[in-house]
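Student: If you scroll down you'll find the structure; I have some questions about it.
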Amino acid sequence: MQYWLMKTEPDECSIDDFAKTPAAVIRWDGVRNYQARNFMQDMHIGDEVFIYHSSCAKIGVAGLVRVVRAAYPDPTQFDSASTYFDSKSQPDKPRWVAVDLQYIRRFTEVIPLAAIKTMPAFTDHPLVAKGNRLSVVPISSEQREALNQRANRHKEDEV
DNA sequence: GCCAACGTTGGC
DNA sequence: GCCAACGTTGGC
């Protein structure tokens, strides 16, 4: 089992889009960066993906989803009407891939980027590096633990 | 809206 | 293969 983090602008696709239809399978497409694509090709069914909201009011990790289908050719690269259309991509040799994701849980509160920056587990992680633009990054089990602990911080108060 | 950092493109 | 120019990302 591997862990990942994927960035999204919540206007495009947010954890709420997963949460409102928990059974739905959502295709994660439109990734047009080779490094990010290579990470997507390493994903397996069952891997957990932290959803990160960027370029918005509450920047940070908003919840968890699961990989339910491993990498396959991203259909939007062949769709000339799509903003993700890539004229250099050939159907017999696709450049870009998509994965399918399904809801696991939404965090009570978004874990702010500022909080992640203070976590020792994230000291050298690309997410907190200045100028980082990678939209898909691996997460270690220590980093996963740190995020889940922070996400569960208020749970005992609620019970 | 600003701007720094980065990836990609294209001329040479 | 180099590198300047350009477009995009993304925090602030």
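The values are calculated or read from the model by the stated rules, or taken from the named source; none is laboratory data. All values derive from a computational prediction rather than experimental measurement. No Cβ is skipped: glycine too gets one built from the backbone with ideal geometry, and neighbour counts run over all protein chains shown. To get the accessible areas, we keep the full protein, side chains included, count just its heavy atoms, and leave off ligands, DNA and RNA. Shrake-Rupley method; radii C 1.70, N 1.55, O 1.52, S 1.80 Å.
Student: Scan segment A:80-98 and give yes if some residue there is touching a Leu at 6+ places or on another chain (Cβ under 8 Å), crowded, with 16+ Cβ neighbours inside 10 Å and in contact (Cβ under 8 Å) with a residue 60 or more places away in the chain, otherwise no.
Tutor: Scanning segment A:80-98, I find no residue that is touching a Leu at 6+ places or on another chain (Cβ under 8 Å), crowded, with 16+ Cβ neighbours inside 10 Å and in contact (Cβ under 8 Å) with a residue 60 or more places away in the chain, so the answer is no.
Student: Restricting to segment A:32-78, name every residue that is assigned to a loop (DSSP other than H, G, I, E, B), within 14 Å of DNA strand B (Cβ to nearest atom) and more than 22 Å from A:Ala19 (Cα to Cα).
Tutor: Within segment A:32-78, A:Arg32, A:Asn33 qualify.
Student: Related question: Which members of segment A:1-26 meet the condition of being under 22 Å from A:His44 (Cβ atoms) and loosely packed, with under 15 Cβ neighbours inside 10 Å?
Tutor: A:Met1, A:Pro22, A:Ala23, A:Ala24, A:Val25
Student: Restricting attention to segment A:79-102, does a residue exist that is part of a helix (DSSP H, G or I) and at pLDDT 95 or above?
Tutor: No, every residue in segment A:79-102 fails to be part of a helix (DSSP H, G or I) and at pLDDT 95 or above.
Student: While we're looking at this one, here's another question. Can you tell me which residue in segment A:99-114 is surrounded by the most Cβ atoms within 10 Å (Cβ to Cβ), limited to those that are within 23 Å of A:Arg37 (Cα to Cα) and not acidic (Asp, Glu)?
Tutor: My answer is A:Val99.
Student: What are the pairs, 6+ residues apart or on separate chains, where a residue within segment A:115-126 that is open to solvent by 20 Å² or more (accessible area, probe 1.4 Å) has its Cβ under 7 Å from a residue that is within 13 Å of DNA strand C (Cβ to nearest atom) and part of a loop (DSSP other than H, G, I, E, B)?
Tutor: A:Pro126/A:Asn132; A:Pro126/A:Leu134
Student: Additional query: Do we have A:Glu48 as touching a helix residue (DSSP H, G or I) at 6+ places or on another chain (Cβ under 8 Å) and closer than 22 Å to A:Thr108 by Cβ here?
Tutor: Yes; evaluated as a whole, the condition is true for this residue.
Student: Quick one: in segment A:127-148, which of the residues that are among the hydroxyl-bearing types (Ser, Thr, Tyr) and away from DNA strand B (no atom under 13 Å from the Cβ) is surrounded by the fewest Cβ atoms within 10 Å (Cβ to Cβ)?
Tutor: A:Ser141
Student: Scan segment A:49-79 for residues that are away from DNA strand C (no atom under 14 Å from the Cβ), open to solvent by 20 Å² or more (accessible area, probe 1.4 Å) and within 12 Å of the chain's Cα centre (by Cα) and jot them down.
Tutor: A:Arg66 - this is the single residue of segment A:49-79 that is away from DNA strand C (no atom under 14 Å from the Cβ), open to solvent by 20 Å² or more (accessible area, probe 1.4 Å) and within 12 Å of the chain's Cα centre (by Cα).
Student: Given the conditions (1) within 24 Å of A:Asn148 (Cα to Cα); (2) within 16 Å of DNA strand C (Cβ to nearest atom); (3) open to solvent by less than 40 Å² (accessible area, probe 1.4 Å); (4) not charged (D, E, K, R), report the number of the one that A:Gly30 does not fulfil.
Tutor: (1)
Student: Continuing with the same structure: Return yes when A:Ala151 is within 14 Å of the chain's Cα centre (by Cα), surrounded by 15 or more Cβ atoms within 10 Å (Cβ to Cβ), closer than 18 Å to A:Met6 by Cβ and small (Gly, Ala, Ser) and no when it is not.
Tutor: no
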